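Colleague: So that we are looking at the same thing, I have put the structure below in structure tokens.
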Amino acid sequence: MRTRSDRTLRDLIKKIIELGVSEHVLGFLEDALRHMGNRNPYRGGKELLFLLRYAEGAAREEQDYLASERLEDALAYAMNTMLRPDIGIKYNLAPEFQRNLLTIVRQTYTGFAKVFLSSVRTFLAENPSATVADLQSHLIDEFAPARTVAEDEEQPGHYRVLRGPRESHAWLREVLAQRLSFEERSDHADPELCGPTRTEELSMEELAHLAQLRIRSDALRQLAAVVHNPHSTEADLQHQLQRNLWIFGGSYLPDLGRRRLVAGTELDIPLLRPDGSLHVVELKRANVRIMTGQRNGLIPNVKVHRAVGQVMNYLLALDEDRPRILDRHGVDARRAAATVVLGHPRFQPDVDEAEMNEVLRTYSSHLARVEVITYKQLLDGASNALGLAQADASRRIHNSDDATNSYLGG
């Protein structure tokens, strides 16, 4: 990931100095400014991140929590996890730019207000005896389904909102046109899935479930393609997995969205369990060898040990900063666990897959809060879960009471 080094970061560092820091912290920040230089393009890289981390650590040791928080923001901006407008607004770095943002927000709000009031007036004119509940129901139908805004084919540049049955029909048309694919029936295919079945006219809930299964199936194929590509980077893998967190199991809630819970620590994928505890996923490349010989057997190599050591440092940092994280983010970091995903049997063909999995299971069993798996194991687990869900959906449709004969494509 490229470090962001620009005028905004330089102005922020100067602002932090202006707001007050100790001589020790000041030395690190002056070094950071010298490293960046005085004109664009500014120098960045790991050296800049190291200097900012040292400064933040020094401020924290001095219990200067205000300076520590400001330096956390500087690190977040440099690591592209905090946006320029947020930095500018919080530290008043570019008043003119902030006024422009305010103008955009005001114009957007004014435009929405006009649409809102126009909808209310039209509804009341057409329904003079409408109650408050009627108006509320109308407004929910009018504005809740934002995805149903479509371009008017007869008037380019104009748009319309689909409501009621038309909204359902538009959604169904999208499913049939874009989310449904057909495959040739195999001679060995399960007749329960491919033969004539009894199916009723599906409800919207059932259609949504089938569409979700189709989307997940496509996503799994895309992830497998990235994993099997020997040139895929960690960023490529992370991009695919962040959009499909279901792959890590149904017990997880959507991603936390706060990759920087601890200063200077960038978590690949932070997940929340339903009980509020944290689960960290650390991703490494798939195209790496992860086994090495040891006498007459196999053991995980140095790449595995380094990845596990890195995750242990993350868990230690989360443990030490648990009260602040719990207070600020509502996440219990003390009970955090982690999964390291790296390697794939196809990239170490001289090692039997079953033996590789057994070595990793034995290795993980000696780690209290860290599990190590390969991308093959991750894909297989997600594929099995998806297969069970698809089989269950097909079985429920097949066993519907008011069914009619039809064909369900696999």
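Colleague: Six or more apart or on different chains, Cβ atoms under 6 Å: show the pairs whose first residue is in region 127-140 and surrounded by 11 or more Cβ atoms within 10 Å (Cβ to Cβ) and whose second is part of a helix (DSSP H, G or I) and of a type outside the set (S, T, N, Q).
Modeller: From residues that are surrounded by 11 or more Cβ atoms within 10 Å (Cβ to Cβ), the pairs are His138/Phe123.
Yes/no per residue for (1) on the phi > 0 side of the Ramachandran plot; (2) exposed (fewer than 13 other Cβ atoms within 10 Å of the Cβ); (3) at pLDDT below 85; (4) assigned to a helix (DSSP H, G or I):
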position	(1), (2), (3), (4)
Leu210	no, no, yes, yes
Leu220	no, no, no, yes
His231	no, yes, no, no
Gln240	no, no, no, yes
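Colleague: While we're looking at this one, here's another question. Does Gln377 satisfy being surrounded by 17 or more Cβ atoms within 10 Å (Cβ to Cβ), in contact with a Lys or Arg (Cβ under 9 Å, 6 or more places away or on another chain) and either in contact (Cβ under 8 Å) with a residue 60 or more places away in the chain or under 25 Å from Ala224 (Cα atoms) (or both)?
Modeller: no
Colleague: For Val308, only one of the following conditions fails: (1) in a helix (DSSP H, G or I); (2) under 18 Å from Arg260 (Cβ atoms). What is its number?
Modeller: It is condition (2) that Val308 fails.
Colleague: Taking Arg43 as meeting all but one of (1) out of contact with any Lys or Arg (no Cβ under 6 Å at 6 or more places or on another chain); (2) closer than 13 Å to Ile13 by Cα, write down the number of the exception.
Modeller: Condition (2) is where Arg43 drops out.
Colleague: Given the condition buried (at least 16 other Cβ atoms within 10 Å of the Cβ), among the basic types (Lys, Arg), closer than 24 Å to Leu261 by Cβ and under 31 Å from the mean Cα position of the chain (by Cα), answer yes or no: does some residue in region 28-51 qualify?
Modeller: Scanning region 28-51, I find no residue that is buried (at least 16 other Cβ atoms within 10 Å of the Cβ), among the basic types (Lys, Arg), closer than 24 Å to Leu261 by Cβ and under 31 Å from the mean Cα position of the chain (by Cα), so the answer is no.
Colleague: Scan Arg70, Arg60 and give me the residue that is surrounded by 15 or more Cβ atoms within 10 Å (Cβ to Cβ) and modelled with pLDDT under 90.
Modeller: Arg60
The values are calculated or read from the model by the stated rules, or taken from the named source; none is laboratory data. As the structure is a prediction and not an experimental result, all values here were calculated from the model. Ideal geometry is used to build each Cβ from the backbone, glycine not excepted, and the neighbour counts take in all protein chains shown.
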